1. Do me a favour and compute the ellipsoid semi-axes for the stretch 149-230 from its Cα gyration tensor, root of five times each eigenvalue, largest one first, whole Å.
2. What GluC sites (Glu not before Pro) does the stretch 194-255 have in DSSP loop regions with at most 16 other beta carbons within 10 Å?
3. Would you grab the residues whose amide H sits under 5 Å from the one on residue 375? Only those 5+ places off in sequence or on another chain, please, with H modelled 1.01 Å from N.
4. Students often check this: by mean Cβ neighbours within 10 Å, which of 401-413, 305-317 ranks highest, and how do the rest follow?
5. Give me Rg/Rg_expected for the stretch 37-148, where Rg uses Cα atoms only and Rg_expected = 2.2 N^0.38 Å with N residues.
6. Highest first, please rank the peptides 287-298, 455-466 by the mean number of other Cβ atoms sitting within 10 Å of their residues.
7. Please work out how many pairs of lysine residues in the chain are eight or more positions apart (or on different chains) and have Cα atoms closer than 23 angstrom.
8. Obtain the nm distance between the two label points defined at residue 228 and residue 322 by a simple spin-label model: each point lies 7 Å from its Cα along the Cα-to-C-beta direction.
Amino acid sequence: MFPRKTSLTRRRFLAAAAGGAAGLQILSSSRLARAYQANERLRLAVFGNMYNAAHFLTAAHIYNADIVALCNPDQRKIPGIVKQWQERADQLQNSTQADQQQAAARYRRMAQGEGVTIFSDVRRLFGEMADGIDALVVSDYDHFHGVACGAALRAGKPVCSERPLGLTIGDARRLRLLAAETKVPTTYRSPGTGTGPFRRAIELVQEGTIGRVEEVHIWFDRGGPDRDAPPSGGQAVPDGLDWDLWLGPLAWRDYHPEWMAYAHWRETSNGGLGSFGPHTSIFPFLTLGLRPLWDTPGTAIGVQAECSRRNRVSFPRWERVRWEIPARSHMPPLTITWHHGPGLGPDARARIQEKLRRFGVSQPEDADALLGMAGSLLVGSDGALLADDHSVRVTGLPKDKFEQLETNRPQRIASSHGIYQDWMDACRGGQRQILASFDNGGPLSELLMLGNIATEFPGETLAYEPHAGQITNHAEAAQRLDFPYRHGWQI
């Protein structure tokens with residue numbers, strides 16, 4: 001049987017709440033007081049079971065790490081994870097390599113409940129086991145990101161999070177501040193940033209290869225659920241689900257399974273801008289130098305949205321969001337446009353195809369192949385760069401312009417060993433090659449969340465000062481920047 005820690009004692013609960021009221025409190029860790037050896041085996045805790053969490057749950061051995069704790073308010077997920085551990089053990093046990101045989105034995109012991117402790121409450125995980133773990137991996141609904149990442153950072157632990165950083169702009173700003181205060185390695189799932197073409201593209205833009213970039217398009221071919229009303233009526237909470245813990249920082253409401261529909265509700269997620277927005281927009285965000293705007297007092301970003309309809313509880317079926325970005329250093333002012341909807345939304349495909357024709361992509365089928373399901377396009381005065389759905393592959397246009405150029409390996413920016421390996425190396429004290437840090441991911445998340453706020457006020461232009469984190473011209477929109485956490489929860 002697994003050791004299970006599914007409740008929080010009153011004493012620890014009140015202590016945690018009091019600590020939050022006192023402001024930023026970073027806990028010490030005896031293991032953090034010394035440097036890790038380069039080959040030291042790390043002890044990982046995992047919150048949730050999606051995306052990057054799912055990866056580490058069956059691939060920790062690749063990084064010379066062990067899963068020692070698993071946390072999920074929805075304990076119905078645990079049997080599926082146990083099955084994955086059993087299957088992983090079966091896959092590795094016949095290997096001729098000693099390290100894989102050892103990994104197989106480890107996964108089999110985990111599947112039998114040995115060496116891994118199961119929690120329902122992330123607060124209790126760090127209240128009782130902080131000195132028994134070295135880092136946390138987080139991947140679950142957006143409303144969990146702040147409390148889970150915050151708990152780890154307050155305990156002085158490195159974090160690998162899911163995108164975006166938190167549920168609101170307030171969450172993203174607090175996580176960035178907390179990461180800067182603790183100085184531990186942080187990252188979030190952003191596959192493209194760990195590839196050579198992405199890093200080389202930053203250099204090409206800096207070198208002026210595509211000229212002045214004043215226009216960017218990012219897109220996602222899906223569309224919002226556009227639900228008419230929030231779930232109504234309470235139902236019996238199913239066995240294995242701790243509904244109170246699943247709500248976490250959110251306001252209490254009776255259980256209804258529809259509240260757990262992923263990326264359907266503004267109260268629990270950031271919709272399409274939160275799911276694929278981070279993957280597509282990180283490319284222009286870094287290549288075009290947007291991050292310094294958050295360090296520059298007095299600068300303002302304008303944002304305006306049009307959408308299928310105003311929907312205050314869910315996300316519109318289609319949306320088009322435009323951000324007006326001021327000049328940065330030697331780079332000119334910039335317009336970024338997000339296209340999201342079935343087929344990309346009204347006229348979106350035709351608009352992007354027209355941009356591609358300027359750079360030699362004349363056939364619609366060739367343009368559609370480049371567009372894929374999601375991506376981004378940097379439109380320069382002397383060329384263009386198009387990145388795929390996760391910003392992993394980058395295409396230079398027109399193609400003959402790039403035939404003799406190195407486009408796969410960075411020449412000045414440090415190379416990456418992959419986003420997860422870079423983070424694990426940094427956890428052991430290695431040089432930090434991470435581009436998708438909380439320092440970059442926090443501001444990027446703010447930018448995207450600002451787009452979601454704009455879709456609640458279609459046709460109106462919002463003015464946002466990134467240094468101050470404030471919407472300065474619209475009092476009602478400014479109320480969407482944050483929300484009050486339930487008592488007992490904090491970042």
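1. Details: eigenvalues 166, 115, 30 Å².
The equivalent ellipsoid of the stretch 149-230 has semi-axes of 29, 24, 12 Å.
2. The qualifying sites are 207.
3. 219
4. Details: 401-413: 13.0, 305-317: 18.5.
By packing density, highest mean first, the sequence is 305-317, 401-413.
5. Values: Rg = 13.7 Å, N = 112, 2.2 N^0.38 = 13.2 Å.
Rg over 2.2 N^0.38 Å, computed on Cα atoms: 1.04.
6. On the way: 287-298: 16.3, 455-466: 18.8.
Descending mean neighbour count gives 455-466, 287-298.
7. Lysine pairs meeting the criterion: 6.
8. Using points 7 Å along Cα→Cβ, the separation is 3.3 nm.
The values are calculated or read from the model by the stated rules, or taken from the named source; none is laboratory data. Since this is a predicted model, take the numbers as computed values, not measurements. Every residue, glycine as well, gets a Cβ built from its backbone with ideal geometry; the counts of neighbours run over all protein chains shown. Accessible surface areas use protein heavy atoms only, side chains included; no ligands, DNA or RNA. Shrake-Rupley method; radii C 1.70, N 1.55, O 1.52, S 1.80 Å.
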